[in-house]
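Q: Got a structure for you, questions after.
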Amino acid sequence: MCLVVSRFVVCKKTPVNVVKQNQTHFRLYSRVNLRVHVTLISPRKRNIKKRSAGLSTMAFTAVWNYCAPLSVITLLSLVGTARCQAVQAENVTVLEGGTAEISCRLQKYDGSIVVIQNPRRQTLFFNGTRALKDDRFQMVLFTPRLVRITLTNVSVSDEGGYFCQLYTDDTHHQVATLSVSVPPDTPTVEVKQEAVEGGEVELTCLSPRSKPPATLRWIRDRREIPGVVSQQENGKTVSVSSTIRLPVERRDNGAAVSCEASHPALGGQKRVRHYRLDVHFAPTVRIIPPPGILREGDSLSLTCSITGNPLPRDVQWTRINDTLPERAEISGPTFQVSRLSQSHNGTYLCQAQNNYGRAADHYTLLVYDPGAVIETHSAVPYAVIGGILALLVFTVICVLIVTIWCSVRQKGSYLTHEASGLDEHGEVQEAFLNGNDASQGKKEYLL
């Protein structure tokens, strides 16, 4: 059996010193990470390759003695160069639209070539000289210790790794990672469908662009309303939305809700969008009557107060079972008639409607002549005075009845006692005249 090192063969008949030398070269060869092919050769082929093996062994020994030390020296020199000269880069984070500073720090710089490249590996600067025609990049500092460039009006497309390369016998480079933060704009509020009294309204708060994703919150009456959040990537930015559903009544019309967007780039501040609920409902109608009593010759003015969303534009005035007076003037919700007469008596109706319902209210007009109006006005205080007098008379009568009753009762009690005394005295006199014993007469009387 023979041992082959690369293309060189070591056999049993090889001198011991040659084998040891080859083994030493093999170990050194392995240390410098060169490939070593080990092959086993059968005894049949030993004689065929025996002659060439000796020549190959001698050639390998000669080449190895001269090339291996040179390779090791070259490798050590490269390592030494790397230790002597080095470049360091710093990562940068900037807001979109701002200015980024990309710095490369040099150690033991000896005047070698310094190249700065963008993430697409396009050369921006070559030893301080502009290589790419982009005025947004400016070389602001080039010293043996620090190289610095600036990038104005940064966008997310500029994000990535910027290479700081130092060309010596070998190339050394470091990557400065540029991160672009995109704060959200003020969010928008979208309504899927109109809100109707007794139903629900669906509101969606949308922040179309941010990086990293913005955080959205719904607020109503200083309380947070939980929403369903979704995200969608748009290249390097993210679109965020939050959806809520609210039951609504007519009292909710005009109620305020807010959507807040927060982001690390805002420094604790928030972008807020305020929204007022728009709840649709059927109208209500109420006629405001004039004060006092109307008489002939007066003017009538009726106002129809209408609520509703949307507010009805068309208001209809009619007179039940009759036509409107000729002198009637209608201006929207206002109805006026000048110089009233009794012919204007009747019931007047105000009607309004929108897409969600219809409502009406009525007013009954009664016009009096001047005399009836005066009597009506004077009858009111007399009725009050008459009532008071009747109450006083009734009170006096009650007092008299009670007084008489008490007096009669007291007099009857006195007469009863007096009659009782007379009967007893008469019995005594009668007994004395008859010559009877008074006690016996009295006893008989008692029997």
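The values are calculated or read from the model by the stated rules, or taken from the named source; none is laboratory data. Values in this document were obtained by computation on a predicted structure and should not be read as measured data. When we count neighbours, we look across all protein chains shown, and the Cβ atoms used for this are built from the backbone with ideal geometry, even at glycine. When the accessible area is computed, the model is the full protein with side chains, heavy atoms only, and any ligands, DNA or RNA have been set aside. Shrake-Rupley method; radii C 1.70, N 1.55, O 1.52, S 1.80 Å.
Q: Looking at the structure I just gave you, is Val229 touching a strand residue (DSSP E or B) at 6+ places or on another chain (Cβ under 6 Å) and buried (at least 18 other Cβ atoms within 10 Å of the Cβ)?
A: In short, no.
Q: Right, something else. Does Ser301 satisfy the criteria of being surrounded by fewer than 17 Cβ atoms within 10 Å (Cβ to Cβ), modelled with pLDDT under 95 and in a strand (DSSP E or B)?
A: Yes, satisfied.
Conditions tested, residue by residue: (1) in contact with a Gly (Cβ under 6 Å, 6 or more places away or on another chain); (2) under 23 Å from Val201 (Cβ atoms); (3) modelled with pLDDT under 95.
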| residue | (1), (2), (3) |
| --- | --- |
| Ser242 | yes, yes, no |
| Arg250 | no, yes, yes |
| Glu260 | no, yes, no |
| Leu266 | no, no, yes |
| Gln269 | no, no, yes |
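Q: Please specify each residue of the stretch 254-285 satisfying the condition of being part of a strand (DSSP E or B) and surrounded by fewer than 13 Cβ atoms within 10 Å (Cβ to Cβ).
A: Across the stretch 254-285, the qualifying residues are Ala256, His274, Arg276.
Q: Only residues that are within 15 Å of Ile287 (Cβ to Cβ) and among the aliphatic types (A, V, I, L, M): list them for the stretch 310-323, please.
A: Within the stretch 310-323, Val315, Ile320 qualify.
Q: Continuing with the same structure: In the stretch 216-244, how many are within 9 Å of the chain's Cα centre (by Cα) and either within 24 Å of Ser157 (Cβ to Cβ) or part of a strand (DSSP E or B) (or both)?
A: 8
Q: So which residues in the stretch 311-328 are open to solvent by 50 Å² or more (accessible area, probe 1.4 Å) and assigned to a loop (DSSP other than H, G, I, E, B), if there are any at all?
A: Leu311, Arg313, Asp314, Ile320, Asn321, Thr323, Leu324, Glu326, Arg327
Q: Report whether or not Thr123 is open to solvent by less than 80 Å² (accessible area, probe 1.4 Å) and over 44 Å from the mean Cα position of the chain (by Cα).
A: It is true that Thr123 is open to solvent by less than 80 Å² (accessible area, probe 1.4 Å) and over 44 Å from the mean Cα position of the chain (by Cα).
Q: Please work out if Gln342 is open to solvent by 40 Å² or more (accessible area, probe 1.4 Å), at pLDDT below 95 and within 25 Å of Glu197 (Cβ to Cβ).
A: Answer is no for this residue.
Q: Six or more apart or on different chains, Cβ under 6 Å: which pairs go from a residue in the stretch 93-111 that's in contact (Cβ under 8 Å) with a residue 60 or more places away in the chain to one that's open to solvent by 50 Å² or more (accessible area, probe 1.4 Å)? Could you list them?
A: Close Cβ pairs (under 6 Å, with a partner that is open to solvent by 50 Å² or more (accessible area, probe 1.4 Å)) amount to Ser103/Glu90; Ser103/Arg148; Leu106/Arg145.
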